[in-house]
Amino acid sequence: MTAVSAVLGAFTDAWSRRRVIVGVYLALRLVSYSVLAPLLAALIGFSVSLSAQSALTDQDIAGFILSPAGFVAAVLVLSLLLVVEVLGFALMTAIWRSGAQERFETVRTAVFAVAHRGWPLLQFAVLFVLRVLVLAAPFVLAGLLVAWMLLSDYDINYYLTQKPTEALVAAALIGLLVLLLAALLLVQLTGWALSLHLVLFAKTAPTAAFRESAALMAGKKFRLQRKILVWLLLRFLMLNAVALLAGLILNLIPFDLESGLRGVLTVTLAVAALWMLARLVISALALAALARVIDGLYAPDAALEVPPAPRAKGVKARLLGAIGVLAVVVGVGFWAGARIIDGISTKDNVEIIAHRGAAGIRPENTLASVEQALEDGADWVEIDVQETADGQIVVVHDSDFMKLAGVDLKVWNATMEDLAEIDIGGWFDPVYADQRTPLLREVLERARDRAKVLIELKYYGHNENLEHRVIEIVEDLGMQDQVATMSLKYPLVQKMLELRPDWPSGVLAATAVGDLSGLDGDFVAVSAGRASPWLARSLENRGKALFVWTVNDPLEMSKMISMGADGLITDEPALARKVVAARADLSTPERLVLWLTEELGIALNDKAYRDGSP
């Protein structure tokens with residue numbers, strides 16, 4: 001039997017028992033998420049409690065993870081996540097080993113077998129994670145070394161956008177390391193393929209299961225490796241085929257902002273429901289098929305222990321009845337909730353923050369982009385500031401000019417005379433070849449009484465007196481009530497708050513763990529992926545605002561507003577204005593459907609942006 005036919009046969013077998021497999025998979029996911037969510041939250045909370053802050057941001061996270069306590073916390077988090085996968089695989093394996101023909105008895109037997117070996121399975125999961133980490137560690141360290149050697153001379157944004165030879169070489173080397181790690185893991189995992197069977201059925205100690213599995217798999221690993229590769233390919237093709245089909249259906253509909261966001265609502269729910277159902281079924285069948293493939297390598301006479309008979313008759317009927325009642329309650333609850341929500345009058349209260357000016361249609365951090373943002377009605381213009389060698393405060397994001405002009409010059413080594421020679425707009429369009437790095441003073445003068453200015457203080461380790469110089473310029477222009485500051489470095493946010501407590505100041509967090517609302521400051525700016533209703537509510541309860549970056553798609557803008565964002569940091573301030581206006585005509589349930597639409601990966605703006613970092 002070829003690898004292809006064996007895997008196809010496993011999928012066929014899984015399909016023949018699809019009702020049991022999909023039902024068990026769905027139940028496990030629901031239960032595991034409800035259990036894992038508080039456990040992960042508690043673990044993250046404990047990790048943060050080891051520091052002196054209520055949350056860890058960016059550089060803090062890197063330092064924490066590399067610390068002994070952070071490493072232990074990361075391993076625990078990985079272990080918790082893997083437990084779900086181990087239990088799912090164990091349940092699928094137990095289903096194949098169940099001798100019962102009736103669906104209810106099959107599930108009952110499988111669940112009993114897994115629950116009976118719960119503690120050893122947990123130990124097995126932890127050992128499995130540790131073994132994978134040990135295998136991956138040298139490759140991760142090698143990848144970090146490659147990045148340090150080849151990608152540390154210039155600002156990282158230059159490598160990401162321009163993709164010079166060094167970046168391509170680094171990508172190739174890191175890609176090679178990933179492939180080597182994947183090959184090593186494939187070899188090792190196939191050697192451990194029967195370790196779960198040994199723990200679950202033979203009651204082998206988790207510490208001995210890996211060794212005994214390797215002995216049993218001697219001479220069989222290569223065949224299993226081919227089957228796993230075929231299985232991965234089939235699973236990938238099926239999931240992507242479903243996603244492609246959903247995308248094609250939605251893309252055939254001429255959605256556009258001018259005709260209103262309501263046009264997106266007409267088919268989203270049906271397509272979303274079918275897409276999510278198809279993904280669930282494919283994931284369940286794929287997991288069961290993999291369990292079937294591996295189960296074929298184990299002793300065929302290994303039977304499950306039969307659970308004790310139910311004490312009372314009619315257990316199945318009562319269980320099905322309870323499920324039915326629950327389904328009715330949930331359905332009525334959703335219907336009633338929708339009616340109640342629809343009766344609530346909601347009004348958007350969000351500010352439009354132009355990211356580096358209107359960076360979607362003008363070169364970033366130039367007077368041209370600032371002027372465009374002002375014309376587009378932005379409430380705020382967000383800019384980045386640094387110090388030059390001659391003590392001037394200039395508006396520039398990167399630490400050098402490689403991305404913008406191909407000039408190898410650090411900002412802190414540059415003088416205003418140097419900057420007068422560097423074209424920072426021609427890369428965008430030759431029309432803007434006259435644009436030069438502006439002074440903070442010039443931007444403030446341009447924005448005075450037209451929009452507020454959100455100043456991000458950029459720290460690359462060479463600042464001498466950045467905060468004081470920014471304060472001096474703002475106060476000299478009398479614009480204290482028209483500015484706010486933020487930074488990625490939390491201690492420097494605290495410093496700014498000490499210097500000017502009456503100025504709005506906030507934390508810019510690209511990534512974070514813990515309670516961001518507990519950090520000092522008037523607002524928190526996070527990436528769209530980090531934003532959540534919980535974070536918005538937590539900040540609101542503390543009297544703080546939530547800014548989200550960099551949001552350029554209409555559906556994502558609508559989603560962020562629905563979540564409770566107080567400010568949208570966007571390259572397209574004019575587009576954001578249109579979204580706010582379009583949302584005014586939608587009911588609350590319709591806005592929630594738009595949220596779901598964005599979750600499906602649907603976008604109304606396919607424009608490519610050069611740099612979406614804060």
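Computed from the coordinates by the stated procedures, all read-outs in this text should not be read as laboratory data. Please read these numbers as outputs of a predicted model, since none were measured by experiment. Cβ sites come from the backbone with ideal geometry, for glycine too, and all protein chains shown count toward neighbours.
Computed values, structure above
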{"read-out": "Antiparallel bridge percentage (DSSP; both residues within region 351-599; nearest 5)", "value": "15 percent"}
{"read-out": "Ranked packing of 569-580, 119-130, 375-386, 455-466, most packed first, by mean Cβ within 10 Å", "value": "569-580, 375-386, 119-130, 455-466"}
{"read-out": "Separation in nanometres of the label points that stand 7 Å from Cα toward Cβ, at Leu135 and Asp520", "value": "4.7 nm"}
{"read-out": "Theoretical FRET efficiency, 1/(1+(r/R0)^6), r = Cβ-Cβ of Leu145 and Ala581, R0 60 Å, to 0.05", "value": "0.70"}
{"read-out": "Vicinal HN-Hα couplings computed from phi for region 479-495 (Karplus, 6.51 cos²θ - 1.76 cosθ + 1.60; Hz; Gly/Pro x)", "value": "10, 4, 8, 10, 9, 8, 10, 7, 7, 6, 8, 4, x, 7, 5, 4, 5"}
{"read-out": "Formal net charge of residues neighbouring Thr12 (Cβ-Cβ distance under 13 Å; K, R +1; D, E -1)", "value": "+2"}
{"read-out": "Dimensions in Å of region 351-599 - Rg and Dmax from alpha carbons", "value": "18.0, 57"}
{"read-out": "For region 404-483: Kirkwood Rh in Å [reciprocal of mean 1/r, alpha carbons]", "value": "14.4 Å"}
{"read-out": "Amide H contacts under 5 Å for Ala525, placed H, 5+ residues apart", "value": "Val507, Leu508, Ala509, Phe547"}
{"read-out": "Packing-based exposure ordering (other Cβ within 10 Å, fewest first) of Ile282, Ile424", "value": "Ile282, Ile424"}
{"read-out": "Label-point gap, in nm, between Val431 and Ala183 - each point 7 angstrom along Cα→Cβ", "value": "5.2 nm"}
{"read-out": "Mean Cβ count within 10 Å, highest first, over the residues of peptides 350-362, 488-500", "value": "350-362, 488-500"}
{"read-out": "Total formal charge among the other residues, if their Cβ is under 14 angstrom from that of Leu87, Lys/Arg +1 and Asp/Glu -1", "value": "+1"}
{"read-out": "³J(HN,Hα), Karplus 6.51/-1.76/1.60, whole Hz, each residue of region 424-432, x for Gly, Pro", "value": "9, x, x, 4, 7, 6, x, 4, 9"}
{"read-out": "Pairs from Lys458/Lys495; Lys163/Lys452; Lys452/Lys495 whose Cα-Cα separation, in the structure shown, is over 24 Å", "value": "Lys163/Lys452"}
{"read-out": "Least to most buried among Met557, Met563 (fewest other Cβ within 10 Å first)", "value": "Met563, Met557"}
{"read-out": "Likely footprinting exposure, Trp15, Trp148, fewest C-beta neighbours within 10 Å first", "value": "Trp148, Trp15"}
{"read-out": "Environment charge of Ile455, counting only residues whose C-beta is closer than 9 Å and scoring Lys/Arg +1, Asp/Glu -1", "value": "-3"}
{"read-out": "Two-site label geometry, Arg29 and Asp408: point separation in nm, points 7 Å out along Cα→Cβ", "value": "5.1 nm"}
{"read-out": "Gained length - Leu8 relative to Trp119, 0.36 nm times residue gap less alpha-carbon distance", "value": "36.6 nm"}
